[in-house]
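As structure tokens, the structure follows; a few thoughts come after it.
Just so you know, all these numbers are worked out from the coordinates, no wet-lab data involved. Predicted model, so just to flag it, every value in this text is computed and none were measured. Cβ sites come from the backbone with ideal geometry, for glycine too, and all protein chains shown count toward neighbours.
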Amino acid sequence: MLAQIARGIGSLLFPSVCPSCRRPVESGPRDPLCAACLRTLPRCRFPGGKLRHVDGTVSPFLYKGVCRDLVLALKYQGRTSLVPFLADRMAEEVVRHLGLPPAERILPVPLHPTRLRERTFNQAELLARALADRMEIPCEGDLLIRCRPTRPQAELTRDERSRNVRGAFDLRSGAGLKGSRLLLVDDILTTGATAEACAALLKKAGARSVWVVTAARD
Ligand SMILES: [Zn+2]
């Protein structure tokens with residue numbers, strides 16, 4: 001709460017700056033980047049293929065350059081004003097590849113409660129809720145549970161990442177997933193280890209399909 005108030009005051013005292021090049025941003029509230037950086041955002045045109053449990057992945061951007069600055073500003077500087085912009089682009093890609101409605105339920109990848117207290121918000125949940133609003137599909141933030149704290153995936157090698165998230169998630173009992181089509185939302189997709197760990201649980205509980213939607217992917 002205090003962090004939210006501090007951020008609110010910060011945005012009043014300091015005019016909006018581009019999260020990538022730090023120049024003042026002239027454009028409207030849905031365009032959080034300066035026009036020059038907006039043009040260099042690395043677009044991701046194709047959906048990612050099937051993993052073992054994940055049916056496919058959709059991301060509007062590649063996780064590099066200006067896009068990396070955007071995601072880091074959201075995650076570590078609390079620039080939650082980036083959420084509507086990212087959710088708009090994510091929604092466009094989902095509709096392009098999966099049609100409408102793309103699923104019956106949207107679920108964010110959860111944070112462990114300790115991490116959530118430190119950060120005060122879960123960026124995956126903010127993106128999932130904004131995406132759910134745009135698609136008029138229910139978002140269920142408490143269906144997946146992070147039952148064990150894990151090290152940040154970015155610090156680990158590929159092999160270590162699957163081990164790191166093994167057994168880290170659980171499902172709320174009575175989730176009622178049999179036959180359902182789901183969209184799992186996260187901020188970035190790298191090796192897909194986190195998405196696979198969640199999708200394995202969801203499929204075991206009877207989900208028919210699990211597509212993963214992220215703002216960016218490697
Ligand atoms: Zn810029």
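Per-structure values
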| item | result |
| --- | --- |
| Arg134 vs. criteria crowded, with 19+ Cβ neighbours inside 10 Å and not aliphatic (A, V, I, L, M) | no |
| In region 138-168, the residues that are of a type in the set (A, V, I, L, M) and buried (at least 17 other Cβ atoms within 10 Å of the Cβ) | Leu143, Leu144, Leu156, Val165, Ala168 |
| Arg172, sole failed condition from (1) touching a strand residue (DSSP E or B) at 6+ places or on another chain (Cβ under 9 Å); (2) buried (at least 16 other Cβ atoms within 10 Å of the Cβ) | (2) |
| Single match in Arg45, Arg96, Arg89, Arg68 (criterion: out of contact with any Lys or Arg (no Cβ under 7 Å at 6 or more places or on another chain), assigned to a helix (DSSP H, G or I), under 17 Å from Ile188 (Cα atoms) and more than 16 Å from the ligand (Cβ to nearest atom)) | Arg89 |
